[in-house]
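Colleague: Please find one structure pasted underneath; my questions will follow.
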Amino acid sequence: MSVLIRDGRVITAADDYVADVFIEDETVSMIGHALAVDADHVIDASGKYVLPGAIDPHTHMEMPFGGTVSCDDFTSGTTSAAFGGTTAIVDFCIQQPGQSIPDALAMWHEKIERCPPVIDVGFHLAVTDLREAGRPEDLARLPEEEGVTSFKLFMAYKGAIMVDDETLFRTMQVAAGCGALVMVHAENGDAIDVLVKQALAEGKTEPPWHAATRPPITEAEATNRAIKLAHLAGCPLYVVHVSCQEALEPVASARAAGWDVWAETCTQYLFIDEHHLAEPDFAGAKYVFTPPPRPPENQEHLWRALAGGVLSAVTSDHCPFNWATQKTLGRHDFSQIPNGGPGVENRLHMLHHFGVREGRLTMNQLVELCCTNPARLFGLYPRKGTLAVGSDADIVIFDPDKPLTISAASHHSNVDYNLYEGTEVIGAPEVVLVRGQVVVEGDELVASPGTGRFLRRAPFGSELAAAGA
Ligand code: URP
Ligand code: ZN
Ligand code: ZN
C-alpha cells in the first residue's frame with residue numbers, strides 16, 4: 001500500500017517547506033518536490049500543513065482512581081485522540097496496592113487487548129510500592145524486556161497512590177542504573193492532606209477548596225525536592241503537569257545549571273484558572289484536576305516557559321470522569337471529587353489557535369512541544385515525532401483555516417463535558433494517518449480499533465541533552 005501526500009506545507013520542529021510526501025506501507029519513503037511516483041492513494045494537501053503525528057505522553061485511560069474508573073477505555077480514548085491529531089499516547093500503568101510490577105503491566109496489556117486502540121500506545125510504569133509486592137529487580141528489567149522506559153511517582157494523593165521519599169529515591173536509583181526516565185507528580189501530599197482535613201473540619205466542602213488546599217508552594221516544594229533527589233541519584237527527571245510560576249522556578253534553575261531535568265505543562269493550565277472552580281451548581285467540579293487551576297496570571301508565565309525552552313512539552317493529562325455520575329461523588333466533599341479532566345482531543349486545536357495564531361508560539365515550536373520532544377524524551381525518536389525518510393508515517397494533514405466550535409456534543413470521548421465548551425477555534429486536523437493508514441478523514445473514523453499497536457520504547461538516551469530537548 002502506498003500513499004502520496006501532494007503539495008502540503010511540511011512542518012517539523014526545524015523545517016517548513018512545501019513538498020510531496022510518499023509513504024510505502026508503514027513508513028515515509030520519500031520527501032521531495034513533484035515526486036514522479038505512482039501511489040495507491042493520493043491526498044491533495046495544498047494549502048494545508050503536513051505535520052508529524054502528535055504524541056501525548058500523559059493520559060489515563062480506564063484508570064481506577066478515587067473510587068471510580070476514568071470513563072475512556074483505550075478504544076474511545078484513542079479515537080478521541082486521533083480526531084485531535086494525536087497518533088501515539090503513552091499511558092500510565094499504575095501498580096495497584098499489593099500488586100507486583102509484572103502483574104501491573106499484565107493488567108494494562110489486558111486493557112488494550114480488550115479495548116484495542118486506534119493509535120499506537122506505550123506505557124509508563126507508575127510505582128506505588130517498592131518495599132513489598134514491588135521489587136526493584138522487576139522494575140530494572142522493564143526497559144530492556146518490556147520496552148517500558150519511564151517510571152512515574154506520585155508525591156501526592158496520600159493514602160492512595162502517594163509514595164514516600166524513600167520509595168521515590170530508590171526508584172530514582174533503579175532508573176539511573178537501567179536507562180529509565182523518572183517522572184514525578186510533584187506536590188507535597190503530606191501538607192496537602194493536613195490542609196484538606198482542616199478545611200473539611202471547618203465545613204469548607206465546595207470545589208474551590210480543591211485549589212485553596214493545594215497552594216502553589218506545595219507544588220514548588222515538591223518540584224524542588226524531586227529535582228534535588230534525582231540529581232543525587234543520577235537519574236534524568238521529567239516533571240509532569242507544571243501549573244504555576246512557583247514550580248517553574250526550580251525547573252528553570254536546574255536546566256540553566258545543565259541538569260537532566262525536563263518538564264511539561266498541560267493544555268488546561270494555559271486556559272482554565274481558579275475562578276472556574278466557583279462555577280455554580282457544582283459545575284466547578286468539572287475543573288477539579290490536580291494540580292488545581294491556578295490564578296490566571298500564571299498562564300503568561302507558562303506560555304513564556306514554553307516559548308523559551310524551560311518547558312519541553314504540552315500534554316493533556318486526559319483523565320476523564322463524567323460530571324453527572326462520577327464528579328458527583330464529591331457533591332458534599334470536594335476531596336471526594338475524582339481528580340482529572342478530559343482533553344486528549346483538543347490539544348492541537350487550542351495550541352494552534354491561541355498559541356500560534358495569537359503569536360505566542362511558532363508552528364515549529366508547536367511541533368517541537370507536541371511531537372518531537374515527547375518522542376525524544378520517551379524513546380520514540382526518530383521513529384516518531386518528526387517527518388523524515390524512514391520514520392513511521394504518522395502524519396496529520398492540518399487545515400489551518402478550518403473553523404471548529406469545541407463541544408462535548410461533537411467530541412469523541414465518552415465524557416459528558418468539555419473543558420473548553422463553546423470555544424471557537426480556527427484550525428483542525430483534516431486527515432490523520434497512523435503508520436501509513438488513514439484513521440481519520442474529515443468527521444469520519446475510517447480505521448478499526450486494533451489499528452494501534454503497543455509501543456516498545458527505547459531506553460532513555462544521553463543524546464537528548466545535545467539535541468536540546
Ligand atoms: O487530576 C489529575 N491530574 N488526575 C490524573 C492523575 C494525575 O495526577 O495525573
Ligand atoms: Zn498527576
Ligand atoms: Zn496525570
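Colleague: Of Lys152/Lys228; Lys111/Lys384; Lys48/Lys402; Lys152/Lys197, which sit over 22 Å apart, Cα to Cα?
Modeller: Too far apart for the 22 Å limit: Lys111/Lys384; Lys152/Lys197.
Colleague: Can you say what percent of the DSSP beta bridges in the chain, counting only those with both residues inside, are antiparallel? Round to 5.
Modeller: Within the chain, antiparallel bridges account for around 45 percent of the total.
Colleague: Around Tyr420, under 12 Å between beta carbons, what's the net of Lys plus Arg minus Asp minus Glu among the other residues?
Modeller: Net of charged neighbours comes to -1.
Colleague: Could you tell me the relative contact order of the chain? Use alpha-carbon pairs under 8 Å, at least six residues apart, and round to a whole percent.
Modeller: 22
Colleague: With only alpha-carbon pairs counted, each pair once and no self-pairs, how large is the Kirkwood hydrodynamic radius of region 310-445 in angstroms?
Modeller: The answer is 16.6 Å.
Colleague: Turning to a different aspect of this structure: So what's the net charge close to Arg435: Lys and Arg +1, Asp and Glu -1, counting the other residues with Cβ under 11 Å from its Cβ?
Modeller: Taking every Cβ under 11 Å from that of Arg435, the sum is -2.
Colleague: Something else: For Asn298, what is the net charge nearby, where nearby means another residue's Cβ is under 14 Å from its Cβ and Lys, Arg count +1, Asp, Glu -1?
Modeller: -4
Colleague: Oh, and also: As an exercise, use a Förster radius of 60 Å and the Cβ-Cβ distance of Arg456 and Glu202 to find the FRET efficiency, rounded to the nearest 0.05.
Modeller: Taking R0 as 60 Å, the efficiency between Arg456 and Glu202 is 0.75.
Colleague: Sort the following peptides by mean Cβ neighbour count (other Cβ atoms within 10 Å, averaged over residues), highest first: 406-413, 395-402.
Modeller: Order by mean packing, descending: 395-402, 406-413.
Colleague: Taking the highest mean first, how do the peptides 102-108, 279-285 order by number of other beta carbon atoms within 10 angstrom per residue?
Modeller: Descending packing order for the listed peptides: 102-108, 279-285.
Colleague: Spin-label point model (7 Å from Cα, Cβ direction): what's the Asp401 to His231 distance in nm?
Modeller: Roughly 5.1 nm, to one decimal.
Colleague: What nm distance separates the two modelled labels at Asp25 and Arg135, each placed 7 Å from Cα along Cα→Cβ?
Modeller: Placing both labels 7 Å beyond Cα along the Cβ direction yields 3.9 nm.
Read-outs throughout are calculated quantities, based only on the coordinates presented, and are distinct from any laboratory measurement. Since we're looking at a predicted model, the values are computed, not measured. With ideal geometry, Cβ positions are generated from the backbone for all residues, glycine too; neighbour counts draw on all protein chains shown.
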